[in-house]
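These notes concern the structure reproduced below.
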Amino acid sequence: MSHTRGRGALKPAPFEFHAPAAVADAVGLLAEHGDEAKPLAGGQSLVPMLALRLARFAHLVDLNRLGELQRIEREDGTGGTPDGVVAVGAMARQATVGADPEVASAVPLLSRVTPLIGHFQIRNRGTLGGSIAHADPASEYPAVALALGAEMEVAGPTGSRRVAARDFFVSTWTTTLAADELLLAVRFPVWTGRCGFAVEEVARRAGDFALAGCVCGVSLDDAGRVTRAAIGLMGMGSTPVRAEGAEAALLGTDVSDGAPDLADVGELAAGEADPVDDVHASARYRRQVGGRLVTRALGRAVEEARRG
């Protein structure tokens with residue numbers, strides 16, 4: 001099936017359209033056409049880029065017939081993830097992820113960031129895998145994946161592999177996915193026990209990409225000390241950022257009597273980012289606001305964990 005360009009503005013360059021019915025067929029098409037091919041998931045980012053001629057591909061490989069990529073499943077734990085994982089298929093719609101009770105219970109950050117993604121029309125078509133693979137540094141799902149230490153399931157012509165989130169994001173709109181590889185699912189570790197989570201972001205308007213934002217999680221022991229922390233930053237660099245230094249600073253903190261002053265941790269997290277100046281905000285603004293957002297989100301996460 002082919003697409004031909006008509007007259008007028010906002011028209012993509014010509015491309016061949018493919019609609020495979022199996023993952024193996026989709027991978028085969030990507031391998032056959034290489035850099036000239038692009039997977040099409042929800043299309044909420046790719047289609048506007050094609051229409052504006054910001055990207056051109058001779059072949060689009062539509063993934064919407066691949067029902068096996070729409071799964072959301074809880075899996076038992078292993079040595080690296082003792083509490084299990086929730087595996088979310090790459091073609092799971094964002095609205096489905098946001099409404100899924102298993103996700104809400106096992107990976108609360110996914111449920112809490114979903115309403116902040118665009119508008120409901122976008123979430124009805126957009127997919128989790130499309131957002132992750134698009135790798136916009138201001139997007140919410142990549143920040144969650146990085147903060148929680150998720151793994152990407154990837155398929156290529158020579159077989160499948162798993163890629164840690166910390167190794168997946170390279171730069172703006174760029175990942176370690178090869179041209180002939182396909183993202184199948186994202187495996188999010190489950191936290192159990194006394195845990196708390198929060199998300200904070202600043203955007204010019206509801207539904208816009210975040211100028212700066214963060215996702216945070218903490219886990220407490222019975223004595224009220226922080227045993228695990230996760231801090232992911234969005235809009236604060238060319239990729240999502242995991243503030244590992246700030247996480248380490250939190251470990252062992254006694255919060256049994258309430259959330260302590262976390263401003264220093266927020267500043268430390270912001271200092272680990274590398275924001276840029278653009279037409280929307282300055283790097284200085286992003287760093288200052290980002291630090292305060294981390295402070296606020298951590299305070300909320302700690303209070304939730306204390307109630308757990």
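Of all residues being of a type outside the set (D, E, K, R) and free of Cβ contacts under 8 Å to residues at least 24 places away in the same chain in the stretch 280-295, which is surrounded by the fewest Cβ atoms within 10 Å (Cβ to Cβ)? Just the residue, please.
Top of the filtered list is Ser282.
Looking only at the stretch 64-93, residues that are of a type in the set (A, V, I, L, M, F, W, C), in contact (Cβ under 8 Å) with a residue 60 or more places away in the chain and assigned to a loop (DSSP other than H, G, I, E, B) come to 1 in all. On inspection, Leu298 does not qualify as surrounded by 14 or more Cβ atoms within 10 Å (Cβ to Cβ), over 22 Å from Leu116 (Cα atoms) and outside the structural domain of Leu148 (by TED's automatic domain parsing).
With the structure loaded, tell me whether Asp208 is in contact (Cβ under 8 Å) with a residue 24 or more places away in the chain and not in a strand (DSSP E or B) or whether it fails that test. In short, no.
Taking the condition of being assigned to a loop (DSSP other than H, G, I, E, B), loosely packed, with under 14 Cβ neighbours inside 10 Å, touching a residue at least 12 places away in the same chain (Cβ under 8 Å) and of a type in the set (Asp, Glu), how many residues in the stretch 257-273 meet it? Give the steps one after another, and end with the answer.
So the first thing to find is which residues in the stretch 257-273 are assigned to a loop (DSSP other than H, G, I, E, B), and the list is 257-262, 272-273.
When the remaining residues are screened for being loosely packed, with under 14 Cβ neighbours inside 10 Å, the result is 257-258, 261.
Narrowing further to those that are touching a residue at least 12 places away in the same chain (Cβ under 8 Å): 257-258.
When the remaining residues are screened for being of a type in the set (Asp, Glu), the result is 257.
So the count comes out to 1.
What about Asp277, is it of a type in the set (D, E, K, R), surrounded by fewer than 18 Cβ atoms within 10 Å (Cβ to Cβ), part of a helix (DSSP H, G or I) and out of contact with any Gly (no Cβ under 8 Å at 6 or more places or on another chain)?
Working: of a type in the set (D, E, K, R): yes; surrounded by fewer than 18 Cβ atoms within 10 Å (Cβ to Cβ): yes; part of a helix (DSSP H, G or I): no; out of contact with any Gly (no Cβ under 8 Å at 6 or more places or on another chain): yes.
No, not satisfied.
From the list Ala263, Ala223, Ala259, the lone residue that is under 22 Å from Gly308 (Cβ atoms), at pLDDT 95 or above and not β-branched (Val, Ile, Thr) is Ala223.
The values are calculated or read from the model by the stated rules, or taken from the named source; none is laboratory data. Predicted model, so just to flag it, every value in this text is computed and none were measured. No Cβ is skipped: glycine too gets one built from the backbone with ideal geometry, and neighbour counts run over all protein chains shown.
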